[in-house]
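Here's the structure we're looking at; comments come further down.
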């Protein structure tokens, strides 16, 4: 297996370079001295930003793009049949999957904080990154979203602390080298790769087994599956949550009228610091507790951690307010499984609003099929539900699942639900039915955020 450290001064080509993770890694590799090029299926603000950094990006996947490359990096979504990967095989150019690269980059760090879990990874990783920066610990960072505080999705700091979002899809996190693992929750997802929930739990157990003897595992103490796995580990374990049995818990918890919490973060019943969050919801209380636990483990002061958390604003596409059109507040959220969308709508419901419009872009055929029953009720808090066509991502249409099946199932519960296959259809419906004071939230990790941009571009005079 090649090692990225061997490619300083040599050309590294990245297939799918416009992705949130790959684009950030491109910048990190460039700083090692490699000459980075890449390709992506479509132009985006990510590819434009890379070009502005002097990284050549080809739009479209063509075999000749890899000619002259010394190493090819690809994401899990890029199949061996991709013309560029096929050409690399033909030419004998070494190839490396994105997760392997990320694992190599984190080697040798004293503290490698890996944030894993079914959902909540990006926000928790972002919180930890901001806090460690504010604490003067100069972390290297890789997250799966865009965080303004670090100017993107990655940051190269000292060789002391690495903070990374560790995704379980395709068992990618098994390529990493954690010294501190933070697990937000373990639920059903990615059932196109895993057989069932037991298989998912087994993958997390294998990930925790990567921790060294002096490692630490910090877990959601309100999640039975997490607690069960923590009980099997030979390393130090720390829990956080609302339960009094947790190591870290919130005391004197209150919420303002937008759902943002204030609380005292307590360890073993002793108050360490007071936190006043700017981001709403119970789950952000959990993210903040996880952050407190992780940052204390690497030596940050609890008071500094609390002050930083009280200034934290979520990364882009995490319950992000994108603008106001016709007196209607527009939000977007990256939530793409039912639990995440339910949380996003709970946040939306706490904001001042008239009617609440939820626009769901179902993500991948396999996820919709395996979690179909959960999708039926994930938008129950909305007054009007709009469902677009399924975003295929890495998958091909199997022909046995369609958005209209979700629409029909939700309609049987008595909810007002509408099939709006395209962004134009969704915008037309919204504009025909919304009133000033209403709230619209678009949800998916596909390209649904572009609907917000489209609506805002058209403005009040549609």
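Structural remarks
Here is a yes/no grid of residues against (1) in a helix (DSSP H, G or I); (2) surrounded by 17 or more Cβ atoms within 10 Å (Cβ to Cβ):
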{"site": "272", "(1), (2)": "no, yes"}
{"site": "283", "(1), (2)": "yes, yes"}
{"site": "311", "(1), (2)": "no, no"}
{"site": "336", "(1), (2)": "no, yes"}
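- Enumeration of residues in segment 1-18 that are surrounded by fewer than 22 Cβ atoms within 10 Å (Cβ to Cβ), touching a strand residue (DSSP E or B) at 6+ places or on another chain (Cβ under 8 Å) and part of a loop (DSSP other than H, G, I, E, B): 1, 2, 9, 10
- Checking each residue in segment 8-29 for being modelled with pLDDT of 90 or more, at negative phi and out of contact with any helix residue (DSSP H, G or I) (no Cβ under 8 Å at 6 or more places or on another chain) picks out 8, 10, 11.
- Whichever residue in segment 81-93 is at pLDDT 95 or above and surrounded by fewer than 16 Cβ atoms within 10 Å (Cβ to Cβ) and, among such residues, is nearest to residue 396 (Cα to Cα): 86
- Complete set of residues in segment 58-77 that are modelled with pLDDT of 90 or more, in contact with a strand residue (DSSP E or B) (Cβ under 8 Å, 6 or more places away or on another chain) and more than 21 Å from residue 8 (Cβ to Cβ): 58, 59, 60, 61, 62, 65
- Residues of segment 19-60 satisfying the condition of being in a strand (DSSP E or B) and either under 23 Å from residue 76 (Cβ atoms) or in the same structural domain as residue 151 (by TED's automatic domain parsing) (or both): 36, 37, 38, 39, 40, 57, 58, 59
- Only a single criterion out of (1) over 24 Å from residue 171 (Cα atoms); (2) in contact (Cβ under 8 Å) with a residue 12 or more places away in the chain; (3) assigned to a helix (DSSP H, G or I) is not satisfied by residue 69, namely (3).
- As a summary of the residue check, residue 108 satisfies the conditions (1) assigned to a loop (DSSP other than H, G, I, E, B); (2) under 30 Å from residue 213 (Cβ atoms); (3) touching a residue at least 12 places away in the same chain (Cβ under 8 Å); (4) in contact with a helix residue (DSSP H, G or I) (Cβ under 9 Å, 6 or more places away or on another chain) except for the one numbered (4).
- Taking strands (runs of 3 or more DSSP E) as the structural unit, those lying wholly within segment 355-462 and holding at least 3 residues that are more than 20 Å from residue 334 (Cβ to Cβ) and in the same structural domain as residue 341 (by TED's automatic domain parsing) correspond to 417-419.
The values are calculated or read from the model by the stated rules, or taken from the named source; none is laboratory data. Every value quoted in this text rests on a predicted model; they were computed, and no experiment measured them. Every residue, glycine as well, gets a Cβ built from its backbone with ideal geometry; the counts of neighbours run over all protein chains shown.
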